[in-house]
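In what follows, a single structure is set out as structure tokens and then discussed.
The values are calculated or read from the model by the stated rules, or taken from the named source; none is laboratory data. Not measured: the values here are computed from a predicted model. Cβ atoms come from the backbone with ideal geometry, glycine included; neighbour counts cover every protein chain shown.
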Amino acid sequence: MKKVAKKVLGIETSCDETAVAIVTEDKALLANLVLSQQEHALFGGVVPEIAARAHLNHIDTLVQEALHKSGLSFGDLDAVAVTAGPGLIGGVLVGVMTAKAIAAVHGMPLIAVNHLEGHALTVRLTEDVPFPYLLLLVSGGHCQLLIVEGVGKYRRLGTTLDDAAGEAFDKTAKLLGLSYPGGPAVEKMALNCDNPARALEKFPLPTPMVGKDGCDFSFSGLKTAVKRIVDKLPETIDRRDAADICHSFQHSVAMILNDRTEQAIKQYLSLHPQQKNPSLVVAGGVAANKMLRQGLEHLGKKYNIRFVAPPLDLCTDNAAMIAWAGMERLRLGMTDSLDFPVYPRWPLESLSAAS
Ligand code: KG4
Ligand code: ZN
């Protein structure tokens, strides 16, 4: 008899995306629905109460839609995976309560997924990347370099001492009056820069931590430097200046990420000298940025290691990554009980101790 591939339903509600997806064991994405909440645009940042209410309003419909799209019913699913943290707790609770209800009513296993583990393992949904690989995780709330040694096994090499890279993008966009979320807006505006050399000379920006030992990051000085520049400009910023500032800003972020990642590559290669297929993986929302990807690709070539990035729509928050992390856990028998708590903070390395 032909073996039927396992199917996992994934739910993601930890920030401002309400997302539901269904993946199969053989890596088919049967449904991948992402509803980006527009309610926050007015405030230039995510408002937790509004986010939680919006998740509540949409989650049931999205689950039904995902089943409908994949032609499945609850009885066809093998497990439900859900983000149990870290994130905005009201939203996380909405997702977790929904998943627990599905698990309880339909008698299927629950898998509590760490959102960061979702980002960390996404690449294995679209490519064959063996453990251990080096991961640069750059999102709105996190900026870390880790060695992914296995499911639930993470060794952190460096982290940010202050802000995350995505936060710096969002802040820069806000200062320049660009739309929210800031990352894509800054990237788009930087494309209008017709003279990169002029941009770097007119608006030089710092590159904190570059050249220092270790793999830690810092972005607050860069953010403050952008503010100082913008404060000196007229209220209505000239479009050419805005494009130049965005280019200079992206250039600095790329320098920082490249320098820190280069340090991490050296550590990774010396910790795993026998690794036959060493890989550098980038994940998280900021990984959608093309200039940053190019820099990292270059670095991969320099050290003769494979550079892999998930497709753009799987870099920003989605539920396919949660369903996939659930699948990786299900295959190893790592399921959770219905009284699993939610965690507003939940460092990835703490999973290593638990598994
Ligand atoms: O992973 P993600 O969707 O959510 C978190 O878990 O934080 O990351 C969101 C962050 C935001 O700060 C957003 O501005 C940034 O990713 N981002 C980008 C781009 N697309 C999203 N940053 C730079 N360039 C982009 N194209
Ligand atoms: Zn994320």
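Of note:
- For the range 77-111, the set of residues classified as surrounded by fewer than 24 Cβ atoms within 10 Å (Cβ to Cβ) and within 16 Å of ligand 2 (Cβ to nearest atom) consists of Gly85, Pro86, Leu88, Ile89, listed by residue number.
- Residues satisfying the stated conditions in the range 280-315, i.e. surrounded by fewer than 24 Cβ atoms within 10 Å (Cβ to Cβ) and of a type in the set (Val, Ile, Thr): Ile305, Val308
- Of the residues Asp244, Asp339, the single one that is more than 21 Å from the chain's Cα centre (by Cα), outside any helix (DSSP H, G or I) and either farther than 28 Å from Leu29 by Cα or without any contact (Cβ under 8 Å) to a residue 40 or more places away in the chain (or both) is Asp339.
- Residue list for the range 164-189, restricted to those being within 16 Å of ligand 2 (Cβ to nearest atom) and either small (Gly, Ala, Ser) or surrounded by fewer than 21 Cβ atoms within 10 Å (Cβ to Cβ) (or both): Ala164, Ala165, Gly166, Ala168, Tyr180, Gly182, Gly183, Pro184
- Test: residue in the range 74-87 that is in the same structural domain as Leu332 (by TED's automatic domain parsing) and more than 16 Å from Ile11 (Cα to Cα): yes
- Test: Ala283 is touching a residue at least 24 places away in the same chain (Cβ under 8 Å) and within 12 Å of ligand 1 (Cβ to nearest atom): yes
- Of Leu125, Leu161, all but one fail to be farther than 19 Å from Ala242 by Cβ, modelled with pLDDT of 95 or more and either small (Gly, Ala, Ser) or within 16 Å of ligand 2 (Cβ to nearest atom) (or both); the exception is Leu125.
- Restricting Val286, Val226, Val253 to those that are on the phi < 0 side of the Ramachandran plot, assigned to a helix (DSSP H, G or I), assigned by TED's automatic domain parsing to the domain that holds Val210 and within 16 Å of ligand 2 (Cβ to nearest atom) reduces the list to Val286.
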